[in-house]
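**Q** Have a look at the structure that comes next, please.
The values are calculated or read from the model by the stated rules, or taken from the named source; none is laboratory data. Here the structure is a predicted model, which is why all the values come from computation and not from measurement. Don't worry about glycine lacking a Cβ; one is built from the backbone with ideal geometry, like all the others, and counts go over all protein chains shown. Each accessible area value is taken on the protein alone, full model and side chains, heavy atoms only, with ligands, DNA and RNA left out. Shrake-Rupley method; radii C 1.70, N 1.55, O 1.52, S 1.80 Å.
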Amino acid sequence: LAKTTQPISMDSYEGQEVNITCSHNNIATNDYITWYQQFPSQGPRFIIQGYKTKVTNEVASLFIPADRKSSTLSLPRVSLSDTAVYYCLVGDDRDDKIIFGKGTRLHILP
Amino acid sequence: GAGVSQSPSNKVTEKGKDVELRCDPISGHTALYWYRQSLGQGLEFLIYFQGNSAPDKSGLPSDRFSAERTGGSVSTLTIQRTQQEDSAVYLCASSSVGQGAYGYTFGSGTRLTVV
């Protein structure tokens with residue numbers, strides 16, 4: 001499983017776009033990049049997954065450059081309810097367990 | 001059920017007592033995982049069950065921790081002779097085979113406090 005590095009914490013304001021970058025220099029050819037979101041007092045939940053270029057859903061966008069050694073989770077026009085911890089994970093569908101890092105603690109200010 | 005259910009949601013126990021934490025996975029999910037999350041920390045992998053295979057116990061922190069999964073469904077995590085450092089949120093997740101990081105569904109966890 002490739003190791004990931006992401007900022008420990010970030011602050012932003014309501015209405016701003018927030019970008020959280022994750023480094024994964026040792027990503028393997030078959031690996032996907034997956035992001036989970038964890039609200040206080042809840043378990044993590046899947047938000048987005050991608051392999052290359054750009055993926056967008058109703059929650060976020062995921063940008064992956066050609067070398068795939070990093071990825072950026074983009075949250076458009078954040079609100080206070082986006083305050084959470086965001087985990088970047090790298091692995092393929094044969095992996096039998098996910099190893100979570102400490103994630104990025106995002107704090108949205110009014 | 002529709003999601004992963006964990007019980008109890010909160011548990012306060014005295015140091016030295018044994019505790020049992022329960023996880024009901026999503027019906028049909030063959031894989032079940034236990035994680036531990038201490039205050040302000042990331043998730044620490046504890047144990048993984050997949051079908052009838054021997055569980056991956058590589059994350060269990062000591063022999064006071066054990067888990068079983070009966071009938072390929074409900075799982076119980078048991079902590080014997082609890083210590084204060086066992087205080088944490090214990091999270092259970094389930095998934096289908098072959099989904100990798102895409103298909104994990106977590107419960108809301110059991111908050112364990114050892115006093």
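**Q** What are the residues whose amide H is under 5 Å from the amide H of B:A67, where those residues sit 5 or more places off or on another chain and H is modelled from the backbone?
**A** Under 5 Å from the amide H of B:A67: B:T78.
**Q** Provide the per-residue ³J(HN,Hα) series for the range A:60-74, in order, calculated from phi with Karplus coefficients 6.51, -1.76, 1.60 and θ = phi - 60°, each as a whole number of Hz, with x at glycine and proline positions.
**A** 7, 10, 10, 10, 10, x, 4, 7, 6, 7, 8, 8, 10, 8, 10
**Q** For Cα pairs less than 8 Å apart in space and 6+ apart in sequence, what is the mean separation divided by the residue count of the range A:48-92, i.e. the relative contact order in percent?
**A** 24 percent
**Q** While we're here: Mind checking how much accessible area B and A bury in total, 1.4 Å probe, in Å² rounded to 100?
**A** Chain pair B/A: roughly 1700 Å² of buried accessible area.
**Q** Apply the Karplus parameterisation 6.51 cos²θ - 1.76 cosθ + 1.60, with θ equal to phi minus 60°, to every residue of the range B:62-71 and state each ³J(HN,Hα) to the nearest whole Hz, in sequence, with x for glycine and proline.
**A** 7, 6, 6, 9, 8, 8, 9, 9, 9, x
**Q** Normalising by the residue count of chain A, find the relative contact order in percent from Cα pairs under 8 Å and 6+ residues apart.
**A** For chain A, the relative contact order is 37 percent.
**Q** Follow-up question, since we're still on this one. Please compute the per residue accessible area over the range B:5-99 with all protein chains in place, 1.4 Å probe, rounded to a whole number of Å².
**A** Averaged over the residues of the range B:5-99, the accessible area is 48 Å².
**Q** Summarise the long-distance tail of P(r) for the protein assembly as shown by giving the % of C-alpha pairs beyond 31 Å.
**A** 23 percent
**Q** Within the range A:41-90, report the chymotrypsin sites (Phe, Trp or Tyr not before Pro) that DSSP leaves as loop and that have at most 16 other Cβ atoms within 10 Å.
**A** The qualifying sites are A:Y51.
**Q** With all protein chains present, how much of the accessible area of chain B (probe radius 1.4 Å) comes from carbon and sulfur, to the nearest whole percent?
**A** Percent of accessible area from carbon and sulfur atoms in chain B: 44.
**Q** Now, a different point. Give me the percent of the accessible area of the range A:9-109 that comes from carbon and sulfur atoms, probe 1.4 Å, all protein chains in place.
**A** Within the range A:9-109, the accessible surface is 46 percent carbon and sulfur.
**Q** Return the single residue from A:S81, A:S23, A:S70 with maximal mean-square fluctuation; model: Gaussian network over chain A, springs between Cα atoms under 10 Å.
**A** Highest fluctuation of the listed residues: A:S81.
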